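To start, the structure under review is shown below, and the notes come after it.
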Amino acid sequence: MQEVRTRFAPSPTGFMHIGNLRTALFEYLVAKAQHGTFILRIEDTDQKRQVEGALAKIYQTLASVGMTYDEGPDKPGNCGPYVQSERFGMYLPEALKLVKSGHAYYCFCTEERLAQLHSDLEKTGASFIGYDRHCRNLSREEVEAKLAAGTPFVIRQKMPDSGETTYHDEVYGDITVQNNTLEDQVLVKSDGYPTYNFANVVDDHAMRISHVVRGCEYLSSTPKYVLLYEAFGYEQPKYIHLPLINGKDGKKLSKRHGATSYEELINAGYLPEAVINYLALLGWSPASTEELFTLSELEQQFDIKHIAKAPAVFDIEKLQWFNSQYIIRKSTADFFRLIEPALQELCGDKQELWQRLQTQQDLLARILQPRLSVLTEVREKLAFLPSLPEYSTDLFVHKKMKTTLESAKAVLADLQTELKNLPSWTETDLHDLMINYAQKRELKNGMVMWPIRVAATGMQVSPGGAVEALVLLGREESLQRIEVALEKLK
């Protein structure tokens with residue numbers, strides 16, 4: 001049985017787009033579900049589009065989501081090098097093989113002629129706007145004379161001009177394309193660099209890629225690859241085309257839908273494991289009704305037969321739900337590590353506050369984990385900690401809690417003294433003090449807790465209640481804020 005070998009072949013041209021990461025994930029899962037090999041290959045033949053730092057982002061992204069590749073630039077196997085620019089010398093000889101066998105030819109047309117050709121075809125409303133095969137039938141003598149004169153050239157694939165090409169896709173079934181719609185594509189450019197399509201086929205064959213996984217936008221161009229494999233006499237790989245990822249408006253996912261790169265999602269407070277889990281379900285469904293899967297569980301569950309044809313819809317609200325599920329499952333220590341940067345930013349130069357928060361990891365986990373969709377919400381929910389927000393006394397009035405300005409003032413005045421004299425500033429002691437106070441005066445707990453929480457936070461809504469807010473603020477800051485509230489209520 002042939003070894004399953006897949007490859008992720010990104011170009012270092014910028015951020016890792018969600019669509020690219022979904023493709024990488026499916027390539028990884030196709031291999032791992034069948035105990036195969038997952039390869040990283042860097043396709044950097046388009047030198048003009050390279051972006052500084054993009055290569056590092058590729059490595060960082062794969063590492064952060066746990067997609068460990070078996071062979072790659074820094075993990076040499078038997079099919080290297082794994083960077084296309086380092087394979088530069090391999091492509092022209094392969095193209096010349098096709099020239100010799102009659103499956104490709106030299107094209108000496110200038111860029112000016114090609115531009116004029118396209119312009120003329122557009123003006124006539126031609127159904128096919130592509131190369132007119134001007135150099136396809138040059139005599140051997142004409143070709144040799146131009147080569148001897150040093151005339152710049154590209155090498156083009158000689159496509160069949162009639163009939164049709166059919167190939168089988170593992171998701172979409174048999175796909176047929178009329179050959180007269182296929183342009184004689186360039187294989188090697190005038191600077192000696194291979195085109196994307198050509199390098200792809202040469203490298204996939206050399207690296208023994210068994211399954212080619214990519215987006216369904218390549219369905220119509222795949223016959224070009226198929227014909228190249230046939231021209232070389234190579235065994236065809238299996239093709240797996242993935243459904244499009246659309247926004248909720250039914251249009252292809254783009255910047256107008258918000259964050260569309262992996263890095264943007266991480267910066268927005270999403271966890272790598274939540275992103276990967278969600279992306280796996282964009283175009284694939286498990287055999288069970290389960291939705292939450294670790295990467296290793298996906299490796300066990302994944303089946304090519306369950307890849308969908310219909311476009312997947314990227315729903316940020318659904319991703320937020322996944323993220324919240326992963327946040328709430330974190331241990332206290334892991335959760336604190338995740339929110340530590342946000343807490344440090346929140347505290348600024350308030351070292352006493354930062355030190356107090358470090359001692360309250362259990363409390364922070366308890367009040368925040370069930371309430372967070374994304375990690376960046378930490379700053380918003382704890383905004384009251386570094387400084388008391390400006391607020392209206394209207395907050396003290398709450399119909400459900402049966403609080404009024406007068407009742408709030410009385411409660412705060414009474415508790416101010418008792419809080420000053422409280423022996424220890426702990427959750428238990430603070431809770432007992434307020435509950436006992438309410439019981440002695442035959443008040444609902446809310447009539448005591450609500451004004452204390454408002455005075456402490458200055459917010460309509462805060463994570464946790466009065467007790468948690470007082471613990472996080474500490475005795476001195478809490479008492480100062482109650483004094484501010486009493487001044488407001490005079």
Within the stretch 17-57, how many residues turn out to be at pLDDT 90 or above and under 28 Å from Asp315 (Cα atoms)?
18
Exactly one of Leu265, Leu292, Leu298, Leu279 is in a loop (DSSP other than H, G, I, E, B), among the aliphatic types (A, V, I, L, M) and at pLDDT 95 or above, and that one is Leu292
Among Tyr106, Tyr91, Tyr131, which is open to solvent by less than 70 Å² (accessible area, probe 1.4 Å), assigned to a loop (DSSP other than H, G, I, E, B) and not small (Gly, Ala, Ser)?
Tyr131
Has the stretch 237-251 got any residue that is over 25 Å from the mean Cα position of the chain (by Cα) and of a type outside the set (A, V, I, L, M)?
yes
Going through the stretch 27-49 in order, the residues found to be assigned to a loop (DSSP other than H, G, I, E, B) and not β-branched (Val, Ile, Thr) are Ala33, Gln34, His35, Gly36, Arg41, Glu43, Asp44, Asp46
Somewhere in the stretch 194-202, is a residue outside any strand (DSSP E or B), crowded, with 17+ Cβ neighbours inside 10 Å and of a type in the set (Ser, Thr, Tyr)?
yes
Look through Val143, Val186, Val177 and report the one residue that is surrounded by 12 or more Cβ atoms within 10 Å (Cβ to Cβ) and over 34 Å from the mean Cα position of the chain (by Cα).
Val143
Here is a list: Thr6, Thr61, Thr68. Which entry is within 27 Å of Ile245 (Cα to Cα), surrounded by fewer than 17 Cβ atoms within 10 Å (Cβ to Cβ) and modelled with pLDDT of 95 or more?
Thr68
Of residues in the stretch 152-168 being in a loop (DSSP other than H, G, I, E, B) and over 20 Å from Pro194 (Cβ atoms), the one modelled with the lowest pLDDT:
Asp161
Check Asp394 against each of (1) crowded, with 16+ Cβ neighbours inside 10 Å; (2) under 17 Å from Gly458 (Cα atoms); (3) without any contact (Cβ under 8 Å) to a residue 12 or more places away in the chain and name the one condition it does not meet.
(1)
Within the stretch 465-490, the count of residues that are assigned to a helix (DSSP H, G or I), farther than 18 Å from Asn445 by Cα, under 43 Å from the mean Cα position of the chain (by Cα) and of a type in the set (Gly, Ala, Ser) comes to 1
Top-ranked residue in the stretch 301-340 [being free of Cβ contacts under 8 Å to residues at least 12 places away in the same chain and assigned to a loop (DSSP other than H, G, I, E, B); ranked as least open to solvent (accessible area, probe 1.4 Å)]:
Ser331
Which of (1) of a type in the set (Val, Ile, Thr); (2) within 47 Å of the chain's Cα centre (by Cα); (3) open to solvent by 50 Å² or more (accessible area, probe 1.4 Å) is the odd one out, the single condition Thr417 does not satisfy?
(2)
Could you tell me whether Leu363 is assigned to a helix (DSSP H, G or I), surrounded by 13 or more Cβ atoms within 10 Å (Cβ to Cβ) and touching a residue at least 60 places away in the same chain (Cβ under 8 Å)?
yes
Take the residues of the stretch 274-300 that are hydroxyl-bearing (Ser, Thr, Tyr) and under 28 Å from Gly173 (Cβ atoms): which is surrounded by the most Cβ atoms within 10 Å (Cβ to Cβ)?
Tyr278
Only listed residue being of a type outside the set (Ser, Thr, Tyr), buried (at least 21 other Cβ atoms within 10 Å of the Cβ) and closer than 26 Å to Ser392 by Cβ, chosen from Leu472, Leu479, Leu443:
Leu472
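The values are calculated or read from the model by the stated rules, or taken from the named source; none is laboratory data. Please read these numbers as outputs of a predicted model, since none were measured by experiment. Positions of Cβ are generated from backbone atoms using ideal geometry, with glycine treated the same way; all protein chains shown enter the neighbour counts. What goes into the accessible areas is simple: the full protein's heavy atoms, side chains included, and nothing from ligands, DNA or RNA. Shrake-Rupley method; radii C 1.70, N 1.55, O 1.52, S 1.80 Å.
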